Structure formats: structure tokens, C-alpha cells
Amino acid sequence: MNEEAMVETMNSKAEAEATVSAVLAARADEPGALLPILHEVQDKLGYVPPASVPVIAAALNLSRAEVHGVITYYHHFRSEPAARHVLQICRAESCKAMGGDQLMAHAEKKLGCGQHEHSADGLFTLEPAFCLGLCSSSPALMLGDELHARVSVDDLDSLIEEARSAA
């Protein structure tokens, strides 16, 4: 690792530690604080750093296993930064019935990665979503913060290409 990369890593660690500390200071005394804390940390950093697990556990008087268990149980939480574009494909019953499995399989092939992984070009993180609330317009996906309904394989290809060209 070159010197510039080491400095950037140290800065991002310091930023993550400061963010977690600030979130804990604001929320640790709330009843049932674990989920709100994890959501806020991920909203601010884009993921929940593994190094923050013992810090959060200690602040909430929980075991590290309890905090880690919540992070790994909910598909929403990440333990590493996402790529520039997060593509979430709905895996709920309605979307599955309307072609969601085929859409996910196509996305995996098109991006060259599996679920919870980064694309071969490093621009996308592919994630399953468990209900995007568009059941009457299945199959659905979310690219970044934008919801898309009644998505075909061709629509997905267009969305991916648009995102790549915007990068």
C-alpha cells in the first residue's frame, strides 16, 4: 500500500470512529437503540464498519455477538462500503412471481457478480431487497435512490448502461 493510500485509510478510520461516537452519544440512551444506531451509522458511512461492533456493543451493554447477529440478520446492513451504484432487486413473493428471479439472474450475469458483491468493473453493488413496496407493479428494483417498477431484462440493461455512462 502506498503512502497516499495509507493516509486515506487512516482518515477514513478516523471519520468512521468519529461518526460512530457521535451517533452513540446521541442515541445510546434511547430504549431499543441498536437498530436506530446501526441505521444512522450506515446512512452516514454507507456501511457499518466491523471495528465499530465492539464499540456499539459496549455502549449498549450488549455482547459483540448480539450486535454482529443483528447486522448479519438484516440484509439491509453492509459490513463494507458499497460501490458507487447500489442495485437492489426485490425478492418478495409478488416480484418473484412476476419474473424477479430471472431479473436477479440476469443482473448477476450482466454485472459479473453475485448478491452482496461488487460488479467486475467496481461500479455496482448487487443486493437483494425484501419488498420495495411496489407489489402491484412487479418486478421492482431500486438503483441508488430511484425505484423502478415493471422492470424487464431490457429495462435493467438500459438502467445499468445509463449508470455506467454517468460514472
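The values are calculated or read from the model by the stated rules, or taken from the named source; none is laboratory data. As the structure is a computational prediction, the values presented were derived from the model and not from experiment. Note that we place each Cβ from the backbone using ideal geometry, even for glycine, and neighbour counts take in every protein chain shown. Side chains are part of the model used for accessible areas, which takes the heavy atoms of the whole protein and leaves out ligands, DNA and RNA. Shrake-Rupley method; radii C 1.70, N 1.55, O 1.52, S 1.80 Å.
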Can you find a residue in the stretch 28-40 that is open to solvent by 70 Å² or more (accessible area, probe 1.4 Å), part of a helix (DSSP H, G or I) and of a type outside the set (D, E, K, R)? yes
Among residues of the stretch 28-41, those that are modelled with pLDDT under 95 and under 16 Å from the mean Cα position of the chain (by Cα), counted: 0
With criteria (1) within 21 Å of VAL48 (Cβ to Cβ); (2) out of contact with any Lys or Arg (no Cβ under 9 Å at 6 or more places or on another chain); (3) of a type in the set (Val, Ile, Thr), THR125 comes up short on (2)
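Conditions (1) among the hydrophobic types (A, V, I, L, M, F, W, C); (2) open to solvent by 40 Å² or more (accessible area, probe 1.4 Å); (3) modelled with pLDDT of 95 or more, marked per residue:
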{"residue": "ALA83", "(1), (2), (3)": "yes, no, no"}
{"residue": "GLN88", "(1), (2), (3)": "no, no, yes"}
{"residue": "ALA97", "(1), (2), (3)": "yes, yes, yes"}
{"residue": "ALA107", "(1), (2), (3)": "yes, no, yes"}
{"residue": "GLY112", "(1), (2), (3)": "no, yes, yes"}
{"residue": "THR125", "(1), (2), (3)": "no, no, yes"}
{"residue": "ALA129", "(1), (2), (3)": "yes, no, no"}
{"residue": "LEU143", "(1), (2), (3)": "yes, no, yes"}
{"residue": "ARG150", "(1), (2), (3)": "no, yes, yes"}
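One residue is enough: does the stretch 51-68 have a residue meeting the conditions within 12 Å of the chain's Cα centre (by Cα) and surrounded by 14 or more Cβ atoms within 10 Å (Cβ to Cβ)? Break it down into steps so the answer makes sense when it comes.
Of the residues in the stretch 51-68, the ones within 12 Å of the chain's Cα centre (by Cα) are none.
So far as the stretch 51-68 goes, no, none of its residues is within 12 Å of the chain's Cα centre (by Cα) and surrounded by 14 or more Cβ atoms within 10 Å (Cβ to Cβ).
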Only one of GLN115, GLN88 is part of a loop (DSSP other than H, G, I, E, B) and under 23 Å from THR72 (Cβ atoms), namely GLN115
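Does the stretch 131-141 hold any residues that are part of a loop (DSSP other than H, G, I, E, B) and crowded, with 16+ Cβ neighbours inside 10 Å, and which are they? Before you say what the answer is, go through the steps one by one.
Taking the stretch 131-141 and keeping what is part of a loop (DSSP other than H, G, I, E, B), we get 131-134, 138-140.
Across the stretch 131-141, the qualifying residues are LEU132, LEU134, SER138, PRO139, ALA140.
Given the options GLU117, GLU162, name the one that is modelled with pLDDT of 95 or more and open to solvent by 50 Å² or more (accessible area, probe 1.4 Å). Walk me through how you get there before you give the answer.
Working: GLU117 fails: modelled with pLDDT of 95 or more.
Result: GLU162 is the single residue among GLU117, GLU162 that is modelled with pLDDT of 95 or more and open to solvent by 50 Å² or more (accessible area, probe 1.4 Å).
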